[in-house]
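Working notes for the structure below.
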Amino acid sequence: MPPLGDDAGDYLANVRALEAAGAELLAVQGGDDEALVLLGAIAAVTERIKLGMQANPPAALQAIARGRVVIGTPDGERWIDMELPSTRSAWVEAVASQEAEGTTGIIVPWDPRLIDLLRNPEPDDRSDILMSTG
């Protein structure tokens, strides 16, 4: 995730959307106090997603996250860094290809299109904006 912008509510809504879409692990940029505060806020509004750090987390953060903070790459897992695919079909192809190779997951840099790609795997699926039926 990028550093916190002007709208903390929007930032945390994006985090919750990533978790709802099935993202497994989330890390924030930097290793300073601001990153720790962001990880604490993320831990407070999520339930399942792992929180990635490069150093040992403070005990308070691990407690808020209910043990979901991981350091580096978890044992037995293989994660691949790649650029965010430009289309949904390229995303689906990249995920399938990496799964076939036994990769645990794909690490992509933050891009506002990421949530759209994860939440809407089919081009015509806009169920995320469905407000009512009748």
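Some notes on this structure:
- Failed item, numbered, when T73 is tested on (1) within 15 Å of the chain's Cα centre (by Cα); (2) closer than 21 Å to D111 by Cα; (3) outside any strand (DSSP E or B): (2)
- Yes/no for R88 being modelled with pLDDT of 85 or more and surrounded by 14 or more Cβ atoms within 10 Å (Cβ to Cβ): no
- Members of segment 40-92 that are polar (S, T, N, Q) and closer than 23 Å to L12 by Cβ: T46, Q54, Q62
- Hits in segment 3-53 - residues which are open to solvent by 30 Å² or more (accessible area, probe 1.4 Å), part of a loop (DSSP other than H, G, I, E, B) and in contact (Cβ under 8 Å) with a residue 24 or more places away in the chain: P3, L4, A21, G22, E24, Q29, G30, G31, E47, R48
- Taking every residue in segment 76-98 that is farther than 13 Å from D116 by Cβ and pairing it with any residue that is part of a helix (DSSP H, G or I), at least 6 positions away or on another chain, the pairs with Cβ-Cβ distances below 8 Å are I80/Q98; M82/A94.
The values are calculated or read from the model by the stated rules, or taken from the named source; none is laboratory data. Keep in mind the model is a prediction, meaning the values are calculated, not measured. In this analysis, Cβ positions are derived from the backbone assuming ideal geometry, glycine residues included, and neighbour counts consider all displayed protein chains. Areas reflect the complete protein model, heavy atoms only, side chains present, ligands, DNA and RNA absent. Shrake-Rupley method; radii C 1.70, N 1.55, O 1.52, S 1.80 Å.
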